[in-house]
Amino acid sequence: MNGARDGDPLPISLVTHHVFCPRRAWLEAAGEKTDTAQMAAGTAAHRATDDPSTGREGVLRGVEVVSERLGVVGRCDTVEIAPDGTAVIVEYKATPVRRRAELTEAMKVQVNLQAAALEEMGYIVSGQYVYFTGHRLRVPVPRTAADRRVAEAAVRATVSTLAARDAPAPLEDDPRCMACSHVGVCLPDERKLEPVRRRIVVADPDTQVLHLTTPGSRASTRSGRLLVHHQGESLASIPLERVQAVVVHGNVDLSGGLLRELLWRGVPVVFTTGTGRVVGWATGASSPNGASRVRQHVASAEGRLDLAREFVVAKISNQATLLRRLGGAPEAVAAIRAAARAAQGAGSLTEVLGFEGEAAAQYFAAFPTMLKGPALGLRTTFASRSRRPAGDPLNAALNYAYALLLGDVLRAVLTAGLDPHAGFLHSSNRNKPALALDLCEEFRAPVADSTVVGAFNNGELSTSDFTSVLGITILRPGGKKALIAAYERRASGTFRHPTFDYTVTWRRAMEIQARLVLGVLDGTQLCYRGIRVR
Amino acid sequence: MSRGDAHHYLVAYDIVDDRRRDRVAKRLQASGDRLQYSVFWVRANPARLIRLQASLQSLINQAEDSVLICDLGPASTGSSGRLTCIGRSRSVSGENALIV
């Protein structure tokens, strides 16, 4: 069940979107928000005052209409009161000029519902039109008995879709997807988990990720910009609307005003310690897909072996692939691939975890073979993978890179409206963000490990970037910045997604995978497929 | 590259009234960087550009003031090539991750 509870009236706009595409209405009712030029143009057009037929007296704007009989509420752009007291509805549309000024099914339903509601409120409707602001053309909307029936049926269909347990399937190969504002969250072509033939390119978010790393610095906001100061000196100043994410490393102050602004804009903030451990995150109150979150918790409690298996198989495959490409331990690669094959057929969570452990042991034992060039010296200091405390530079760097990865995956999970805590592979009992950690697994090798190995191998990171405090190895400030820069390059770098066979950034891939998990939970698709890099 | 990609824009204004000018400057500060007294460098995708234009329209006096928006092309081609500064220059926001 999504959107309104039983008995709440439906927005006419939601019914309109349902006519366009049921899934579009579902996504909107679930709270998914997108921002496209189309929508901005629509908003701007509604402020336009250059319809030559208005400007007379008796023009009402933004008229709220209600129909209890149909169970809808809406807002008419304009209602003109004619001299004889009857009402004329004029709905503004910002259809691009390159397209024909034609009434769509959705427009007809919208205006028919508005007229029905207005009549129920006691008005006599003598005419109804759509005004195309780009074409400057007024087109009458038919209101025959058939049109009214279609409109009422559309309301019933919308109620039925929103009350259903599962999300509606996306349209298949439909040209409407090309112009849909929600294509980036719907992912219509991805649901079959096959190579995608046509590619609806979702524009880059065109935003920056901000890492606050200077201890004692302070981030605040003023005049729509994010400012960073340190001891009176300005370190950075960027427009807030260009901030995609903020990661706070260690002892950096964030003003309350800035935090509030970021949350309001839907930008989650992740906090890590100076040594690279995620301590928490702040996310806005408004989060989509509440009903799916409930299903997530139920599924997590019941256990979903298929998801757990897929996370681990993808993880292990990618470890093998990285080792094969960069390392010199073919026996380890073969052993890890064998573990992946075995995990594919595992019958219980315990078995899956067992194969994960086997693969990890082989992988980290052979890890030093990936270190080359300037990093050769590190082969001896790395005894084994030791999470905390980190006893050598490689482990310290891996810890930090994994924290950066976790931050990105957390954001992807939160944006999709999922709860980071209810997972399928990691146990929720350990008070860690289990789902976020689950989704990290397939990215560990190709994103975090490869970043660390690459940074050491080409000299961006060296032992001089680390220092030892009470036996614990930590990154120096310069090394931290170098590692973050290397990670960012990787995360915003592109690769060929093996499932869909198109090019995408690693960061966008994390969002896609999070939405695929959501798709399994809300019934959009049957199974999940992790990224197995070739 | 797609229709929704960001472009770089040069926004220049001539505003008669002091208070209006301050409000326009403040609005532009929220979207871009100040290059000169009344010239801004804005990087925006179509949605943000439309919103910017709408707010500028409501802020100015259409009869007395003027705002010029010049499209410098796709942002993906980089900003450094297009901007040549003689004399005192100000920096513009970067394109990539900001590590501060």
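Residues are listed down the side, and each one gets a yes or a no for (1) at pLDDT 95 or above; (2) among the basic types (Lys, Arg); (3) open to solvent by less than 10 Å² (accessible area, probe 1.4 Å):
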| residue | (1), (2), (3) |
| --- | --- |
| A:Ala359 | yes, no, yes |
| A:Ala383 | no, no, no |
| A:Arg388 | no, yes, no |
| A:Leu394 | no, no, yes |
| A:Leu406 | yes, no, no |
| A:Val409 | yes, no, yes |
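If we keep just the residues of segment B:10-21 that are within 29 Å of A:Asp204 (Cα to Cα) and open to solvent by 20 Å² or more (accessible area, probe 1.4 Å), which is nearest to the other protein chains (Cβ to nearest Cβ)?
Top of the filtered list is B:Leu10.
When segment A:459-499 is examined, which residues are found to be in contact with an Asp or Glu (Cβ under 7 Å, 6 or more places away or on another chain) and hydroxyl-bearing (Ser, Thr, Tyr)?
Passing the criteria: only A:Thr473.
So that you can scan it fast, the table gives a plain yes or no per residue for (1) part of a loop (DSSP other than H, G, I, E, B); (2) open to solvent by 10 Å² or more (accessible area, probe 1.4 Å):
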| position | (1), (2) |
| --- | --- |
| A:Val209 | no, no |
| A:Gly216 | yes, yes |
| A:Ala219 | no, no |
| A:Val228 | no, no |
| A:Leu235 | no, yes |
| A:Gln244 | no, yes |
| A:Phe271 | no, yes |
| A:Gly274 | yes, yes |
| A:Trp281 | no, yes |
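Before we move on, is A:Val65 under 28 Å from A:Ala167 (Cβ atoms) and either out of contact with any strand residue (DSSP E or B) (no Cβ under 6 Å at 6 or more places or on another chain) or away from chain B (no Cβ under 14 Å) (or both)?
In short, no.
In segment A:479-492, which residues are among the small types (Gly, Ala, Ser) and within 11 Å of chain B (Cβ to nearest Cβ)?
A:Ala482, A:Ala485, A:Ala486, A:Ala491, A:Ser492 - these are the residues of segment A:479-492 that are among the small types (Gly, Ala, Ser) and within 11 Å of chain B (Cβ to nearest Cβ).
Looking at (1) open to solvent by 30 Å² or more (accessible area, probe 1.4 Å); (2) closer than 30 Å to A:Ala44 by Cα; (3) not basic (Lys, Arg), find the lone condition where A:Thr144 falls short.
Among (1) open to solvent by 30 Å² or more (accessible area, probe 1.4 Å); (2) closer than 30 Å to A:Ala44 by Cα; (3) not basic (Lys, Arg), A:Thr144 violates only (2).
From A:Gly303, A:Gly284, A:Gly290, which residue is at positive phi, out of contact with any strand residue (DSSP E or B) (no Cβ under 9 Å at 6 or more places or on another chain) and of a type outside the set (Lys, Arg)?
None of the other options fit; the residue is A:Gly303.
In segment A:187-216, what residues are within 7 Å of chain B (Cβ to nearest Cβ) and among the polar types (S, T, N, Q)?
Within segment A:187-216, A:Gln208, A:Thr213, A:Thr214 qualify.
Return the pairs, sorted by first residue and then second, in which the second residue is among the basic types (Lys, Arg), the first residue lies in segment A:3-14 and is at pLDDT 90 or above, the beta carbons are less than 9 Å apart, and the residues are 6+ apart or on different chains.
That search, which allows pairs on different chains as well, returns A:Pro11/A:Arg75; A:Ile12/A:Arg75; A:Ser13/A:Arg75.
Restrict the check to segment A:128-150 and report whether at least one residue is within 30 Å of A:Arg529 (Cβ to Cβ) and charged (D, E, K, R).
Scanning segment A:128-150 turns up no residue that is within 30 Å of A:Arg529 (Cβ to Cβ) and charged (D, E, K, R).
Out of A:Arg75, A:Arg69, A:Arg149, A:Arg156, I need the residue that is open to solvent by 50 Å² or more (accessible area, probe 1.4 Å), closer than 17 Å to A:Val15 by Cα and in a strand (DSSP E or B). Which one?
Selected residue: A:Arg75, the only one of A:Arg75, A:Arg69, A:Arg149, A:Arg156 that is open to solvent by 50 Å² or more (accessible area, probe 1.4 Å), closer than 17 Å to A:Val15 by Cα and in a strand (DSSP E or B).
Conditions tested, residue by residue: (1) touching a residue at least 40 places away in the same chain (Cβ under 8 Å); (2) charged (D, E, K, R); (3) within 13 Å of chain A (Cβ to nearest Cβ).
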position	(1), (2), (3)
B:Gly4	yes, no, yes
B:His7	yes, no, yes
B:Arg23	no, yes, yes
B:Arg34	yes, yes, yes
B:Ser38	no, no, no
B:Trp41	yes, no, yes
B:Gln53	no, no, yes
B:Ser58	no, no, yes
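Within segment B:76-89, is even one residue open to solvent by less than 60 Å² (accessible area, probe 1.4 Å) and more than 14 Å from the chain's Cα centre (by Cα)?
Checked against the condition, which is being open to solvent by less than 60 Å² (accessible area, probe 1.4 Å) and more than 14 Å from the chain's Cα centre (by Cα), segment B:76-89 yields at least one hit.
At pLDDT below 90, open to solvent by 20 Å² or more (accessible area, probe 1.4 Å) and over 30 Å from A:Arg489 (Cβ atoms): does that describe A:Arg191?
Answer is yes for this residue.
Residue check: is B:Val67 away from chain A (no Cβ under 13 Å) and either touching a strand residue (DSSP E or B) at 6+ places or on another chain (Cβ under 8 Å) or surrounded by fewer than 18 Cβ atoms within 10 Å (Cβ to Cβ) (or both)?
yes
Of all residues in segment A:10-47, which are open to solvent by 60 Å² or more (accessible area, probe 1.4 Å) and either hydroxyl-bearing (Ser, Thr, Tyr) or more than 14 Å from chain B (Cβ to nearest Cβ) (or both)?
Matches in segment A:10-47: A:Phe20, A:Thr43.
The values are calculated or read from the model by the stated rules, or taken from the named source; none is laboratory data. Because the structure is predicted, anything quoted here is derived from the model rather than measured. Note that each Cβ is placed from the backbone with ideal geometry, even for glycine, and that neighbours are counted across all protein chains shown. Only protein heavy atoms, including side chains, enter the accessible area calculation; ligands, DNA and RNA are left aside. Shrake-Rupley method; radii C 1.70, N 1.55, O 1.52, S 1.80 Å.
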